[in-house]
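Undergrad: Below is one structure. I have some questions about it.
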């Protein structure tokens, strides 16, 4: 009986690891880290084949193997997303649309913290609208959002993934680099 339970647990945890690696591999590909993604992919496929072999061994007449496999898949996606959020690899682009009376405060606050801010004027429904463009490291995103919430609650902004960047102004960066 212990061997059977161990088999289910092995299938489940192998799929958790496999799928968590899948999430990280895709993240590395989108960040143009092809070699790292290739190494992760190799490990991922090896684990996948071993787990699938355990499921297929002895035929498909054991529904608990399928449940362990599917449960590991689902849990692995969750775990991979959690790991990815902790890693916070890469950059995001914020487009901030502050109220007219708060734009200067937000610009100064972000620049005082070392963030680069580009400001342009667009045409909004009720007239000119200042739009702020800020590229931040993903690990700094929550700090920037907290700063926005403190300086100007309910400021409209959107966040997009910045696939790759070149140059720019970031907190802690040395001049000339």
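Bear in mind these aren't lab numbers, they're just calculated from the coordinates by the rules spelled out. Predicted, not measured: the structure shown is a model, and the values here were computed from it. Neighbour counts run over all protein chains shown; Cβ positions are idealised from the backbone, glycine included.
Undergrad: Cα axis of helix 103-112 to longest principal axis of the chain: angle in degrees, 0 to 90, nearest 10?
TA: Taking Cα atoms only, the helix is inclined about 60 degrees.
Undergrad: Also: Can you give the FRET efficiency to the nearest 0.05 for residue 2 and residue 61, using r as the Cβ-Cβ distance and R₀ = 25 Å?
TA: After rounding, the FRET efficiency stands at 0.75.
Undergrad: Grab every C-alpha pair in the stretch 54-119, bin the distances at 5 angstrom width from 0 up to the longest one, and report whole percents.
TA: With 5 Å bins starting at 0, P(r) equals 3, 13, 12, 11, 8, 9, 9, 7, 6, 5, 5, 6, 5, 1, 0.
Undergrad: Output the Cα-based Rg and Dmax of the stretch 2-87 in Å, rounding Rg to one decimal and Dmax to a whole number.
TA: 13.8, 44
Undergrad: OK, next. Applying 1/(1 + (r/R0)^6) with R0 = 22 Å to the Cβ-Cβ distance of residue 133 and residue 154, what FRET efficiency is obtained, to the nearest 0.05?
TA: It comes out at approximately 0.65.
Undergrad: Mind jotting down the distance between the C-alpha centroids of the stretch 84-163 and the stretch 1-27, whole Å?
TA: If we compute the Cα centre of each part, the gap is 40 Å.
Undergrad: Rounded to the nearest 0.05, what FRET efficiency do residue 162 and residue 74 have when you use their Cβ-Cβ distance and R0 = 41 Å?
TA: Details: r = 30 Å, r/R0 = 0.72.
Approximately 0.90, to the nearest 0.05.
Undergrad: Still on this structure, I have one more. Considering Cα pairs under 8 angstrom that are at least six residues apart, work out the relative contact order of the chain and quote it in whole percent.
TA: Value for the chain: 24 percent.
Undergrad: Another one. How big is the shadow of the Cα convex hull of the chain, averaged over all directions, in nm²?
TA: In nm², the orientation-averaged hull projection of the chain is 14.8.
Undergrad: By count of other Cβ within 10 Å, fewest leading, how are 164, 93 ordered?
TA: 164, 93
Undergrad: Also: With a/c under 1.5 counting as rounded, go ahead and sort the stretch 112-177 into rounded, prolate or oblate using the C-alpha gyration tensor (a ≥ b ≥ c being the square roots of the eigenvalues; past the cut-off, prolate if a/b is larger than b/c, else oblate).
TA: Values: a/c = 1.93, a/b = 1.50, b/c = 1.28.
Prolate.
Undergrad: Moving to a separate point now. Return one number: the angle in degrees, 0 to 90 and rounded to the nearest 10, between the long axis of the Cα atoms of helix 2-30 and the longest principal axis of the Cα atoms of the chain.
TA: 30
Undergrad: Here's another thing I want to ask about it. Give the value in nm², to one decimal: projected area of the alpha carbon convex hull of the stretch 1-52, averaged over all directions.
TA: Average projection, Cα convex hull of the stretch 1-52: 3.2 nm².
Undergrad: Would you mind checking the tilt of helix 141-151 against the longest principal axis of the Cα atoms of the chain, expressed as 0 to 90 degrees and rounded to 10?
TA: Roughly 40 degrees between the two axes.
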